[in-house]
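Student: Take a look at this one; I'll ask things after.
FYI, it's all coordinate maths here, none of it is from the lab. Predicted model only: the values in this text are computed from it and were never measured. Note: ideal-geometry Cβ built from the backbone for every residue, glycine included; neighbour counts use all protein chains shown.
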Amino acid sequence: MTGNQAIDEQAVRNAAGAVVDPALNQPLSKLEMVGQVTAGPEGVSVEILLPMVPAPQQQEREERVRQAVTNVAPSAAKVEITFTPRVRGRETGGTLGLRVKNILAVGSGKGGVGKSTIAAALACGMQRAGARVGLIDADVYGPSIPHLFHVSGQPEVIEQPGPDGTVIPRMQPHVSAGIKVISMGLFIKPEQAVVWRGPMLHKALTQFFKDTDWGELDYLIVDMPPGTGDVALTLSQLVGLAGAVVVCTPQEVALLDAVKAISMFRQVKIPVLGMVENMSGEIFGRGGAQQKAGEMKVPFLGEIPIDAAIRIQGDAGAIPELYAENSPVRQPLMNMCETVALEIAQSLMADGTPQLPTLEIL
Ligand code: ADP
């Protein structure tokens, strides 16, 4: 024990560990969320490891820990609670040599509902909260990610040492706003897209996973082509997915397409994480997706209003601006990111493992 004799580090650790996480509803000790604990004359410091990033209910989490620690260390000059991202995931893509904790697909039943915009906003929100994020634009029919992230040109290929002295050429993803990005759009001319068939898509997607230098990632988001099951099937055969986010607009017709997308994901055995209602508001109405999510028994992941800021910042390739303090859509986007991260963490827990399985790649 250092310094202050009155404070017992183990008692502090136990107190923090007994706190029930407000989002995951289990004790922090069971969730392995208590990191470093120090107690000294300058005060007490407790590190909380976050299994999902961004984590919902951060303020409540911090208050609960602070209260519990203060109860066992009332004499502490200061109680400091810090948070470190330590995203949990499935051991996914192992055979491809990927070191990615969670792969998630963003899909829709039809084009034009804002699927790419939502995929980009999700990537940004997670990255800003401290997660390591990659984005694969597999929407060969309308690859808008290069525009949204201001990237162009085929990725550089670098030869890297492989096992047994071999040399492996690997594509270097573009990095924009701290996100590693790769897109079908970087490899094809727009007029070529229509002739792409299943086997070509399969090959390209396989290469995106296998031959790209992703490094270690917490979340790898795949922007899917709308409707078609080809890419979803490839994806489900290649990697174990954390799940799919289905984006739709609130009108009844669009919801029917979303229902088809959900069935398609279910058919290829990709779990559906839930539905996002985009462009919610006066023009298209609101609430339809939430109701449909209930009927389809999938979680509702939030509603993003129809707002000129989204189109303007998207056109300008400035998606991070949507998270600026004065952005009118910052809060709904943050809520969506938190809900998606939470759904992933909860689905890991629901897999029957009493504790979240850890893929330690730190
Ligand atoms: P998809 O990937 O489904 O084809 P996009 O993400 O390319 O759709 O979005 C289509 C258009 O709608 C883009 O111009 C985009 O900026 C705009 N958009 C997307 N979501 C919103 C929103 N919530 N409010 C206003 N415009 C939006």
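Student: The stretch 82-210: percent of C-alpha pairs farther apart than 24 Å?
Tutor: 34 percent
Student: How would you order 139-146, 179-186, 199-206 from highest to lowest mean count of nearby Cβ atoms within 10 Å? Present the calculation step by step, with values, prior to reporting the outcome.
Tutor: Working: 139-146: 21.6, 179-186: 24.1, 199-206: 15.9.
Going from most to least packed, we get 179-186, 139-146, 199-206.
Student: Now a separate question. What does the convex hull of the alpha-carbon atoms of the stretch 206-362 project to on average, in nm²?
Tutor: 11.1 nm²
Student: Considering only DSSP beta bridges where both residues belong to the chain, give the percentage that are antiparallel (nearest 5).
Tutor: Given both bridge residues lie in the chain, the antiparallel proportion sits at roughly 30 percent.
Student: So for the chain, taking the charge dipole from beta-carbon charges (+1 Lys/Arg, -1 Asp/Glu), which of PRO320, GLN290, PRO226 sits furthest toward the positive end?
Tutor: Checked the options; the winner is PRO226.
Student: Here's another thing I want to ask about it. GLN290 to THR228: FRET efficiency via 1/(1 + (r/R0)^6), r the Cβ-Cβ distance, R0 22 Å, to the nearest 0.05?
Tutor: The calculated FRET efficiency here is 0.25.
Student: Work out, step by step, the length gained on full extension between GLU282 and PHE187: first 0.36 nm times the residue separation, then minus their alpha carbon distance; give nm to one decimal.
Tutor: 30.3 nm
Student: Now for a separate question. First obtain the Kirkwood hydrodynamic radius of the stretch 94-350 from its Cα pairs, then insert it into the Stokes-Einstein equation at 4 °C and 1.567 mPa s, and state the resulting D in µm² per second as a whole number.
Tutor: The diffusion coefficient I find is 71 µm²/s.
Student: Can you give the Rg/Rh ratio of the stretch 127-267, where Rg is from the C-alpha atoms and Rh is the Kirkwood radius?
Tutor: Ratio value, two decimals: 0.98.
Student: How many percent of the alpha carbon pairs in the stretch 263-313 exceed a separation of 13 Å?
Tutor: Taking all Cα-Cα pairs of the stretch 263-313, the fraction more than 13 Å apart is 62 percent.
Student: Restricting to Cα pairs below 8 Å that are 6+ residues apart, what does the relative contact order work out to for the chain? Please round to a whole percent.
Tutor: Working: 743 pairs, mean separation 69.1, N = 362.
Over the chain, the number comes to 19 percent.
Student: Given the Cα-Cα distance of GLU325 and ASN14 and 0.36 nm per residue of separation, how much length would full extension add, in nm?
Tutor: Answer, rounded to one decimal: 108.3 nm.
Student: Given the convex hull over the Cα atoms of the stretch 225-281, what projected area results after averaging over all orientations, in nm²?
Tutor: Numbers: hull surface 15.0 nm².
Directional mean of the projected Cα hull area for the stretch 225-281 stands at 3.8 nm².
Student: Still on this structure, please answer the following. Take the Cα of MET200, step 7 Å along the line toward its Cβ, and report every residue of the stretch 213-253 whose backbone nitrogen sits under 18 Å from that point.
Tutor: What the label zone holds, given the 18 Å backbone N cut-off, is 225-226, 228-232, 234.
Student: Place a +1 charge on the Cβ of each Lys and Arg in the chain and a -1 charge on the Cβ of each Asp and Glu, then give the dipole magnitude about the Cα centre in debye, rounded to the nearest 20.
Tutor: 640 debye
Student: Something else now. Let me know the longest stretch in the chain that avoids all GluC sites (Glu not before Pro) found in a DSSP loop with at most 11 other C-beta atoms within 10 Å.
Tutor: Working: sites that count: GLU156, GLU282, GLU325, GLU360.
Here the longest segment lacking exposed loop sites spans 1-155.
Student: State, to one decimal in nm, how far the label point of SER152 lies from the label point of VAL253, with both points 7 Å from Cα in the Cβ direction.
Tutor: 3.5 nm
Student: Can you tell me how the stretch 9-85 classifies by the Cα gyration tensor, rounded, prolate or oblate, using a/c under 1.5 as the rounded cut?
Tutor: prolate
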